[in-house]
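**Q** First the structure, which I've put down as structure tokens, then a few questions once you've had a look.
The values are calculated or read from the model by the stated rules, or taken from the named source; none is laboratory data. Here the structure is a predicted model, which is why all the values come from computation and not from measurement. Cβ placement follows ideal geometry from the backbone for every residue including glycine, while neighbour counts extend to all protein chains displayed.
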Amino acid sequence: MTPGPLTILVVEDEHIISLAMEMHITKLGHRVGARVTSGEAALEALDNARADLVLMDIHLDGQLDGIETTRLIRERGGPPVAYATAYTDPETRARALSTKPLAFLPKPVSPADIEALVRRVGTGA
């Protein structure tokens, strides 16, 4: 069973990829609460609006990378985070997995990947 529409925060420093994710999300009947390019902007967006899920790149604009941003989101009791990244070397993956993400998705993220994430959020898995 698919949950009702979710609000998803997209944290991605590449504009074209961010737009593609937004297109996939809206085609699945969900809403993009914001598209931001830095960890700092992601934290601000979460302070100002509710999100049910965060799609997080690892390499971002600004001082915070996606892993440190995810760590801060978890400390603040924020929504689940799924990494959407091209960075899959073992060291980066180990750092990312230490933040207990909902998922670790290689780019490009497909509509099927997003749909599976939405189902996991809806079931609390």
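**Q** Looking at the range 83-97, can you tell me whether even one residue there is in a loop (DSSP other than H, G, I, E, B), of a type in the set (Ser, Thr, Tyr) and on the phi < 0 side of the Ramachandran plot? Even if it seems obvious, please write down each step before you answer.
**A** So the first thing to find is which residues in the range 83-97 are in a loop (DSSP other than H, G, I, E, B), and the list is 86-89.
Within this subset, residues satisfying the condition of being of a type in the set (Ser, Thr, Tyr) are 87-88.
Going one step further and asking which of them are on the phi < 0 side of the Ramachandran plot, we end up with 87-88.
The answer is yes, given that some residue of the range 83-97 is in a loop (DSSP other than H, G, I, E, B), of a type in the set (Ser, Thr, Tyr) and on the phi < 0 side of the Ramachandran plot.
**Q** Kindly indicate which of VAL81, VAL109 is touching a strand residue (DSSP E or B) at 6+ places or on another chain (Cβ under 7 Å) and free of Cβ contacts under 8 Å to residues at least 60 places away in the same chain.
**A** Numbers: VAL109 fails: free of Cβ contacts under 8 Å to residues at least 60 places away in the same chain.
Residue meeting the stated conditions: VAL81.
Here is a yes/no grid of residues against (1) buried (at least 22 other Cβ atoms within 10 Å of the Cβ); (2) at pLDDT 95 or above:
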| residue | (1), (2) |
| --- | --- |
| VAL32 | no, yes |
| VAL36 | yes, yes |
| ALA41 | no, yes |
| ARG50 | no, no |
| LEU53 | yes, yes |
| LEU64 | no, yes |
| GLU68 | no, yes |
| ARG71 | no, yes |
| ARG74 | no, yes |
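**Q** Taking the range 30-49, which residues are farther than 13 Å from ILE73 by Cβ and outside any helix (DSSP H, G or I)?
**A** Step one: filter the range 30-49 for residues farther than 13 Å from ILE73 by Cβ, giving 30-35, 37-38, 48-49.
Within the range 30-49, HIS30, ARG31, VAL32, GLY33, ALA34, ARG35, THR37, SER38, ALA49 qualify.
**Q** Let me ask another. Which number in (1) at pLDDT 90 or above; (2) small (Gly, Ala, Ser); (3) in contact with a Leu (Cβ under 9 Å, 6 or more places away or on another chain) marks the one condition that GLY122 misses?
**A** Single failed check for GLY122: (1).
**Q** Here is a follow-up. Applying the selection to the range 1-27, what residues are surrounded by fewer than 17 Cβ atoms within 10 Å (Cβ to Cβ), among the hydrophobic types (A, V, I, L, M, F, W, C) and not in a helix (DSSP H, G or I)?
**A** MET1
**Q** Here is a further query. Can you find a residue in the range 117-124 that is part of a loop (DSSP other than H, G, I, E, B) and either without any contact (Cβ under 8 Å) to a residue 60 or more places away in the chain or under 11 Å from the mean Cα position of the chain (by Cα) (or both)?
**A** So the first thing to find is which residues in the range 117-124 are part of a loop (DSSP other than H, G, I, E, B), and the list is 124.
Then keep just the ones that are either without any contact (Cβ under 8 Å) to a residue 60 or more places away in the chain or under 11 Å from the mean Cα position of the chain (by Cα) (or both); that gives 124.
Within the range 117-124, one or more residues are part of a loop (DSSP other than H, G, I, E, B) and either without any contact (Cβ under 8 Å) to a residue 60 or more places away in the chain or under 11 Å from the mean Cα position of the chain (by Cα) (or both).
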